[in-house]
Amino acid sequence: MIPKEIQVKNKAVEKLFTTGYDVSPKMIEDLLNMEGIEEDLLRILQDAASRPRFYADLPLDGGRLAPVHAILLLRQMHSDHATQLIMELLRGDAYTMELLFGDTFMLEEMWPFITFSAKKHFQTYVDMLYQGDIDPFSKLAVSSGLAQAVFYEPSVAKQVENAFRELLELFIENADALKNEEAVFEGSDADSDIEFISNFALDVSDTGFESLRPLVEELLDLQIIDTDIVDEVDLDFKARKKEIHPILKVYETFRLENESEIEKATDSNEKIKKGKPTDEA
């Protein structure tokens, strides 16, 4: 049942609170074709963002996946209203994002929001990369989205190249400060900034921009890029266009990961039981 705090126009939206991973193509199509569905989906996402623990504690087929259903449908619609909310979430507590969507979604499924809207919100996204109070994990979604915009929105390719160059140069200029454990961005710390620049270097490499290779190599020489985070061999500047997964494939991936986690937990419990000493009479 949909929480009483959420007022929706379409009663069919309640399905999102009683559906786990078993989502059918017809359900997706029906929801996307409903009048006023975007507004209803945004209400779900906003409610989930305001109280993530409530949703995280629900069963999978009892509302736990409602925010995931909502965000995937909104992504399919290229909803700009959803993009604005995603910006707010990325600027907020990374733990909230993890509770609602998990690590896999953050790494694999969040960046298309940025890619689709890169042309309209380009400078906003670039500015987010300079904000020290944004978690490096959230910044990764932004930098990956901008890197992939090179392929999906070619008109912004030159802007991406220039913005990435300026950011790399900033880290080169601040190499000594980082080595002295001083942050590059106000409100951040050296470890977080190094984590960011290391992951960012991989996004830069994925664009294939040869003009940026010398800057990444200089950061490697300066030992600013942490090779425990990103393997140097992956910084090969081979253009890599990532696939934007269809909704049903995302659910399949989630389902398989969930089954794997359950299997691991079961195996672990079995090992504990087998290893537990028998009480003596």
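Given that just one value was derived from the coordinates, which of (i) 179; (ii) 160; (iii) 239 is volume of the Cα convex hull per residue in Å³? Recomputing volume of the Cα convex hull per residue in Å³ here picks out (i).
Of 158, 242, the residue with the largest accessible area leads and the full order is 158, 242 (1.4 Å probe). For residue 131 and residue 29, the FRET efficiency from 1/(1 + (r/R0)^6), where r spans their Cβ atoms and R0 equals 41 Å, is about 0.60.
The trypsin sites (Lys or Arg not before Pro) of region 1-91 meeting both criteria, a DSSP state outside H, G, I, E and B (loop) and at most 14 other C-beta atoms within 10 angstrom of the site's C-beta, are 4, 9. For GluC sites (Glu not before Pro), the sites in region 158-195 that DSSP calls loop and that have at most 16 other Cβ atoms within 10 Å are 181, 182, 186. Normalised by the residues of the chain, what does the relative contact order come to in percent, with Cα pairs under 8 Å and at least six apart? RCO, the chain: 15 percent.
Hey, what did region 120-241 get for relative contact order, percent, Cα under 8 Å, at least 6 apart?
On the way: 136 pairs, mean separation 33.6, N = 122.
So the answer I get is 28 percent.
May I ask you to give the percent of accessible area on region 5-72 that is carbon plus sulfur, with a probe radius of 1.4 Å? Ligands and nucleic acids excluded, carbon and sulfur reach 49 percent. Label zone of residue 158 (point 7 Å out along Cα→Cβ, amide N under 16 Å): in region 104-139 this covers 119.
Among 118, 141, 157, the residue with the largest mean-square fluctuation in a Gaussian network model of the chain, with springs joining Cα atoms closer than 10 Å, is 157.
Compute the accessible area per residue over region 120-241, keeping the other protein chains in place, probe 1.4 Å, unit Å².
On the way: 5600 Å² over 122 residues.
Counting only protein heavy atoms, the per-residue value for region 120-241 is 46 Å².
The simple spin-label model puts a point 7 Å past each Cα toward its Cβ; for residue 223 and residue 11 those points are separated by 6.8 nm. Solvent-accessible area of region 120-241 (1.4 angstrom probe, protein heavy atoms only): carbon and sulfur portion equals 41 percent.
Here, region 120-241 is characterised by an Rg to Rh ratio of 0.93, where Rg is the alpha-carbon radius of gyration and Rh the Kirkwood radius. With a simple spin-label model that places each label point 7 Å from the Cα along the Cα-to-Cβ direction, the separation between residue 210 and residue 177 comes to 3.3 nm.
Springs between Cα atoms under 10 Å define the GNM used for the chain, and in it the highest mean-square fluctuation of 162, 33, 199 occurs at 33.
The values are calculated or read from the model by the stated rules, or taken from the named source; none is laboratory data. Note that the coordinates shown come from a computational prediction; the quantities given were computed from them, not determined experimentally. Cβ sites come from the backbone with ideal geometry, for glycine too, and all protein chains shown count toward neighbours. Accessible surface areas use protein heavy atoms only, side chains included; no ligands, DNA or RNA. Shrake-Rupley method; radii C 1.70, N 1.55, O 1.52, S 1.80 Å.
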